[in-house]
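The values are calculated or read from the model by the stated rules, or taken from the named source; none is laboratory data. Remember, it's a predicted structure, so these values are computed and weren't measured experimentally. In this analysis, Cβ positions are derived from the backbone assuming ideal geometry, glycine residues included, and neighbour counts consider all displayed protein chains.
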Amino acid sequence: MIWNEEFETLPREAIEAIQLKRLQSVVERVYATVAPYRKKMDEAGVKPEDIKSLDDLRRLPFTTKDDLRENYPFGMFAVPLERVVRVHASSGTTGKPTVVGYTRRDIDTWAELMARTLACAGVHRGDVVHNAYGYGLFTGGLGFHYGAERLGATVIPISGGNTKRQIMIMKDFGSTVLTCTPSYALNIADVIRETNVDSSELKIRVGIFGAEPWSENMREEIEKKLGIDAIDIYGLSEIMGPGVSVECIEKKHGLHIFEDHFIPEIIDPQTGEVLPPGEKGELVFTTLTKEAFPVIRYRTRDITRLITEPCICGRTFYRMEKVTGRSDDMLIIRGVNVFPSQIEHVLMSVEGVEPHYQIIVDREGALDVMEVQVEVSEDIFSDEIKVLEGLAKRIEQEMKETLSVSCKVRLVEPKTIQRSEGKAKRVIDKRKI
Amino acid sequence: MKVEQISIFLENKSGRLAEVTRILSQAGINIRALSLADTSDFGILRLIVNDTEKAKAVLKENGFTVGKTEVVAIEVPDRPGGLAGILEALEGKDINVEYMYAFVQSSGENAIIIFRFDELEKAIAALQEAGVRILKGEEVYAL
């Protein structure tokens, strides 16, 4: 079902006409109300009235996560805080998170786009949505929650964790839709198998999985193990949260971008140049309708390409391919974004710890595990086991507090972590996804 | 009254201990006493050698993290109750034994126990008061 037939099937010229009108308005608004945007535009010598066509978008400067960090927490908001009814946050590159805000109308827009998203994945009124995305500062839980309510489905706001209980509730409440990270879906499937739950008692029909990259192989595995359709969803809090783009159940290839609210561009991550349609590069988004936290040409660091061919589902929006990588060193561990710089930040705050560390990411069963190897220098060495173990435990605790995801700290001998010339190889990702 | 002990950080993987003994043997250093404490990830090797400074230097040169600690060596009669008598001398004095290890001399009459205390000076005083024989550093290095 198409939730908003009027907008989701517009001819290309009409989409572009709406985009231009909304782009002009948002650029005018950020120039007038958000000092960092005005400063950047002045430096680039571009004024709001210079935006005469969609091609003029590329004259505007990019926005990066660094810009958000420099203006932490509310410096990029385009409305006074009295008009902000909610904030969410995601990982920053250091100890501070990236904060985003929503006006009442933004929450309404988001619910509309999430209703479209769910409908696109084949969810409808009468479905029971088992929402295992985390509720809290993370946008996943509440994003799905509001969208499912808007659609008229029944929401179970179960959030993450306690998998056996999740399965019991899924069975007893007759959940038909599962929403969580793809790795958690696999974990649920494994626990179902281990605990000998009769899968014929489960009514799950479709799952909408996102917040971390996953491959076609993983899709096959989830679909086979759970006996469902597995749909990919994309979003990030800086743009809105979930509901930026989603696959349709008809095609399951390419995620439809809600282009009446977001303009996608693909750029060369090195030069910043806009690439022609169909080429692979870094995804950049401009929000068109957001009030509290509009972003202009935000560099997502996600690598993908745009698909401009029409889709069998009838939606006319361009699609983006499944994200295949990052143009920076961000890791996604159990759905949580982690930057190596955050880990370094924690290590540097522990006295005596040297900046020689390595991060090893692997997958045990369906779950990501992260190990941080720290070299034992003379400053932190002790002849007593309990002192060294206590140190490792303390670092683990601080990591957990800063990263919101746990990791194991392993103490290693000095000089065992490879010293590379130039950029150190900090991360070894052994996951096969 | 104090004995110098070196400690070495070892990752829990094969060949690391052999690497230490190889380096020490090449430097002509003799190991007098040894203990290895380990966890699932790493170990700490504690050694008393005939030349502490040299041992420390060659191990550091070879990339090991090396620490130096002061411990106490005590001679204990090699018979039932020998150790119990010594621990009694420390009782009620608020002194903790962080770890200890023992070895028996070739003469076989007395055992030597290496103690690592949290309060070194206090422990020495208590042991002396109880008439326990504490070995001098030189005595241990030259055993």
Query raised in the report: Just one of the numbered conditions (1) in a helix (DSSP H, G or I); (2) exposed (fewer than 13 other Cβ atoms within 10 Å of the Cβ) is not true of A:A17; which one?
Result: (2)
Query - Neighbours by Cβ (under 6 Å, 6+ apart or cross-chain): first from the stretch A:123-138, of a type in the set (D, E); second part of a loop (DSSP other than H, G, I, E, B) - result: A:D127/A:A153; A:D127/A:T176
Query raised in the report: Among the residues of the stretch B:34-48 satisfying the criterion of being farther than 17 Å from B:E98 by Cα and either aromatic (F, W, Y) or out of contact with any Asp or Glu (no Cβ under 9 Å at 6 or more places or on another chain) (or both), which is farthest from the other protein chains (Cβ to nearest Cβ)?
Result: B:S40
Query raised in the report: A:R315 fails exactly one of the following numbered conditions: (1) modelled with pLDDT of 90 or more; (2) in contact with a helix residue (DSSP H, G or I) (Cβ under 6 Å, 6 or more places away or on another chain); (3) buried (at least 19 other Cβ atoms within 10 Å of the Cβ); (4) more than 30 Å from A:R12 (Cα to Cα). What is the number of that condition?
Result: (4)
Query raised in the report: Taking the condition away from every other protein chain (no Cβ under 14 Å) and over 13 Å from B:A33 (Cβ atoms), does B:G131 pass?
Result: yes
Query raised in the report: Does any residue of the stretch B:70-85 turn out to be within 14 Å of another protein chain (Cβ to nearest Cβ), farther than 15 Å from B:R32 by Cα, crowded, with 16+ Cβ neighbours inside 10 Å and in contact (Cβ under 8 Å) with a residue 60 or more places away in the chain?
Result: no
Requested in this report: With respect to A:D108, determine if the residue is surrounded by fewer than 22 Cβ atoms within 10 Å (Cβ to Cβ) and farther than 29 Å from A:C248 by Cβ.
Outcome: no
Query - Filter result for B:S14 (away from every other protein chain (no Cβ under 14 Å), small (G, A, S) and free of Cβ contacts under 8 Å to residues at least 12 places away in the same chain) - result: no
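Please state which one of A:E216, A:E201, A:E212, A:E220 is free of Cβ contacts under 8 Å to residues at least 40 places away in the same chain, out of contact with any His (no Cβ under 9 Å at 6 or more places or on another chain) and within 29 Å of A:R315 (Cβ to Cβ).
Details: A:E216 fails: free of Cβ contacts under 8 Å to residues at least 40 places away in the same chain; A:E201 fails: within 29 Å of A:R315 (Cβ to Cβ); A:E212 fails: free of Cβ contacts under 8 Å to residues at least 40 places away in the same chain.
Criteria check complete, one pass: A:E220.
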Query raised in the report: Failed condition for A:K400, given (1) away from every other protein chain (no Cβ under 11 Å); (2) within 25 Å of B:K13 (Cβ to Cβ); (3) surrounded by fewer than 18 Cβ atoms within 10 Å (Cβ to Cβ), with all others met?
Result: (2)
Report summary line: Taking the stretch A:351-365 and keeping only residues that are more than 12 Å from chain B (Cβ to nearest Cβ) and out of contact with any strand residue (DSSP E or B) (no Cβ under 9 Å at 6 or more places or on another chain), one is left with A:E351, A:P355, A:E364, A:G365
Query raised in the report: So which residues in the stretch B:18-33 are within 18 Å of B:N62 (Cβ to Cβ) and within 14 Å of chain A (Cβ to nearest Cβ)?
Result: B:E19, B:V20, B:I23
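Inside the stretch A:291-353, counting only strands (runs of 3 or more DSSP E) that do not spill past its ends, which hold 1 or more residues that are under 17 Å from A:V274 (Cα atoms), of a type outside the set (D, E, K, R) and in contact (Cβ under 8 Å) with a residue 40 or more places away in the chain? So that I can check it myself, show each step before the final result.
Details: elements: A:298-304, A:331-333, A:336-338.
In the stretch A:291-353, A:298-304 are the strands (runs of 3 or more DSSP E) which contain 1 or more residues that are under 17 Å from A:V274 (Cα atoms), of a type outside the set (D, E, K, R) and in contact (Cβ under 8 Å) with a residue 40 or more places away in the chain.
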Query - Residue ID - nearest to the chain's Cα centre (by Cα), chosen from residues in the stretch A:40-92 that are part of a loop (DSSP other than H, G, I, E, B) and of a type in the set (S, T, N, Q) - result: A:S91
Requested in this report: Those residues that are buried (at least 21 other Cβ atoms within 10 Å of the Cβ) and within 8 Å of another protein chain (Cβ to nearest Cβ), I need them from the stretch A:366-380; list them, please.
Outcome: A:V376
